[in-house]
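Chemist: One structure coming up, written as structure tokens, with questions to follow.
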Amino acid sequence: MQGIYIKVKGTRGKAFWLPMSQRCGEISFDSPEQKAKCVRMLGDARLRSQTEVLSERRGSYPFIDFRLLNNTVYSGEIGTKKKVKRLLSFQRYFHASKQLRGIIPQASLYLLDEDYLGQARHMLSKVGMWDFDIFLFDRLTNGNSLVTLLCHLFNVHGLIHHFHLDMVTLHRFLVMVQEDYHSQNPYHNAVHAADVTQAIHCYLKEPKLASFLTPLDIMLGLLAAAAHDVDHPGVNQPFLIKTKHHLASLYQNVSVLENHHWRSTVGMLRESRLLAHLPKEERHDIEQQLGSLILATDINRQNEFLTQLKSHLKNQDLNLEEAPDRHFMLQIALKCADICNPCRLWEMSKQWSERVCEEFYRQGDLEKKFDLEISPLCNQQKDTIPSIQIGFMTYIVEPLFEEWANFTGNTPLSENMLNHLRRNKAKWRSLLHKQHSSSRSTDHSVQVTENEEQTLNEGETP
């Protein structure tokens, strides 16, 4: 047998060898003591006491590169379960062994040309500006935008000094987070995380909020923004549910991706020992609040948070001196940051729109290939980018950002974002109109051609 195995006594006293990678939750035991012994031996954090935040070990649930399945040549059907299992096993092995986790890469920002370093530093001096170009910054930092940005912001906000953080350990943790995003995702990758982080940094500076925030609030906001989509598989929750993915089973089909992002973040915090010097109760509180923030990004809970925000503003009962109300506004700020792309300059907003739709279309192509029902917005033949964006802006973005502007008191930033949103929506409407006009022209040309062909077949001169 290859790998590491342990001997476990199962039901009816039967002993068997269990691979270290297998989860104890899949095994039947004669007594709680046997199960506890297995947990201690395998170190599976998901089965520990419920008083502690559960975490996912890095590499426990590796990213499934669906392109490997998609590019595999099958005759007729998808193929046997054994073929699919071999592919997934290879990916699991590859993910777990690709690098020693947490090692700071040698080819980092410091090996860049001095001109690029100078430009990156200059951009960081303007990180609080809404026209910050995260795509340019990512190129200047050689793909290390998330790590570089977070190190800078932790320093700017005085968090390293306040929480007595070790700079090397912080860098190690941030590298872990950045590595666990998947660059093959057109949208849900480390650049998106950096963009959301830069946006929430702008929001935390809003006067209505800034004067009440504690260092803990700021650190929670930045960490949640950086890790809110970590290890995203590039497909949505309905896809995971209908394909019976293990994450859907683990989290019982509720906020599947958001739970995974949160538990993975907790796992990396513990593995890196970034907060190991803090009291246990404080670490536990940070993990819980991070979960509350990341879970708030579930788009299915949009109406829930929007209704609460409207109610608070109508009743004028928000007291930001109270921790629960500050936390609620941090949730709203993170939700705004997560969907702020339509509020950016057109050049950046358009690029984000094309990226997210490309990710939708990839999922649709995958569903079509495997004879699954194509999810909404994922059919490239029916769902155009302009129509998707107009709907997204109208029903999701506008209502939230209008209430955010009401909360902030229509500050220059809020008015700037709403102005960009309206202009971008108008441009998408114009593009949609052009598409419809082009489509009608094409249909008319086809009809004329068909009529001419019919006339010729009848022996008449056109």
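Chemist: Among LYS310, LYS244, LYS314, LYS280, which is in contact (Cβ under 8 Å) with a residue 60 or more places away in the chain and basic (Lys, Arg)?
Modeler: LYS310
Chemist: I would also like to ask the following. Would you mind listing the helices (runs of 4 or more DSSP H) fully within region 123-166 where at least 1 residues are at pLDDT 95 or above and buried (at least 21 other Cβ atoms within 10 Å of the Cβ)?
Modeler: Ranges flagged: 134-140, 145-156.
Chemist: Any residue in region 359-368 that is closer than 22 Å to THR197 by Cβ and surrounded by 15 or more Cβ atoms within 10 Å (Cβ to Cβ)?
Modeler: Yes - at least one qualifying residue is present in region 359-368.
Chemist: For GLU271, work out the one condition from (1) within 27 Å of LYS369 (Cα to Cα); (2) assigned to a helix (DSSP H, G or I) it doesn't fulfil.
Modeler: Condition not satisfied by GLU271: (1).
Chemist: I would also like to ask the following. Taking the residues in region 319-347 that are without any contact (Cβ under 8 Å) to a residue 24 or more places away in the chain and hydrophobic (A, V, I, L, M, F, W, C) as candidates, determine which candidate is most open to solvent (accessible area, probe 1.4 Å).
Modeler: Checking each candidate, the answer is ALA323.
Chemist: Could you say whether any residue in region 284-295 is over 22 Å from LEU153 (Cβ atoms) and open to solvent by 50 Å² or more (accessible area, probe 1.4 Å)?
Modeler: Looking for residues that are over 22 Å from LEU153 (Cβ atoms) and open to solvent by 50 Å² or more (accessible area, probe 1.4 Å), one finds at least one in region 284-295, hence yes.
Chemist: Answer yes or no: is there a residue in region 402-418 that is under 22 Å from the mean Cα position of the chain (by Cα), outside any loop (DSSP other than H, G, I, E, B), surrounded by fewer than 21 Cβ atoms within 10 Å (Cβ to Cβ) and at pLDDT 95 or above.
Modeler: No, that holds for no residue.
Chemist: Is it fair to say ILE385 is modelled with pLDDT of 95 or more, within 28 Å of PHE305 (Cα to Cα), within 26 Å of the chain's Cα centre (by Cα) and of a type in the set (Val, Ile, Thr)?
Modeler: yes
Chemist: When you check THR169 against the structure, is it surrounded by 23 or more Cβ atoms within 10 Å (Cβ to Cβ) and either hydroxyl-bearing (Ser, Thr, Tyr) or more than 25 Å from ARG283 (Cα to Cα) (or both), yes or no?
Modeler: no
Chemist: For region 373-386, give me each residue that is open to solvent by 50 Å² or more (accessible area, probe 1.4 Å) and touching a residue at least 40 places away in the same chain (Cβ under 8 Å).
Modeler: Within region 373-386, GLU373 is the sole residue that qualifies.
For every residue, the table says whether it meets (1) part of a loop (DSSP other than H, G, I, E, B); (2) at positive phi.
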position: LEU216; (1), (2): no, no
position: ASP231; (1), (2): yes, yes
position: ILE241; (1), (2): no, no
position: ALA248; (1), (2): no, no
position: GLY267; (1), (2): no, no
position: LEU278; (1), (2): yes, no
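A quick yes/no check of all residues on (1) open to solvent by 10 Å² or more (accessible area, probe 1.4 Å); (2) under 16 Å from ILE294 (Cβ atoms):
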| residue | (1), (2) |
| --- | --- |
| VAL196 | no, yes |
| ALA199 | no, yes |
| PHE212 | yes, no |
| ALA224 | no, yes |
| ALA227 | no, yes |
| HIS245 | yes, no |
| SER249 | yes, no |
| GLU258 | yes, yes |
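Chemist: Right, another one. In this structure, does MET268 turn out to be touching an Asp or Glu at 6+ places or on another chain (Cβ under 9 Å) and open to solvent by less than 50 Å² (accessible area, probe 1.4 Å)?
Modeler: yes
Chemist: Can you report the number of residues in region 247-264 which are without any contact (Cβ under 8 Å) to a residue 60 or more places away in the chain and within 16 Å of GLU179 (Cβ to Cβ)?
Modeler: 1
The values are calculated or read from the model by the stated rules, or taken from the named source; none is laboratory data. As the structure is a computational prediction, the values presented were derived from the model and not from experiment. Heads up, the Cβs are rebuilt from the backbone with ideal geometry, glycines too, and the neighbour counts pull from every protein chain shown. Please note that ligands, DNA and RNA were not included when accessible areas were found on the heavy atoms of the full protein model with its side chains. Shrake-Rupley method; radii C 1.70, N 1.55, O 1.52, S 1.80 Å.
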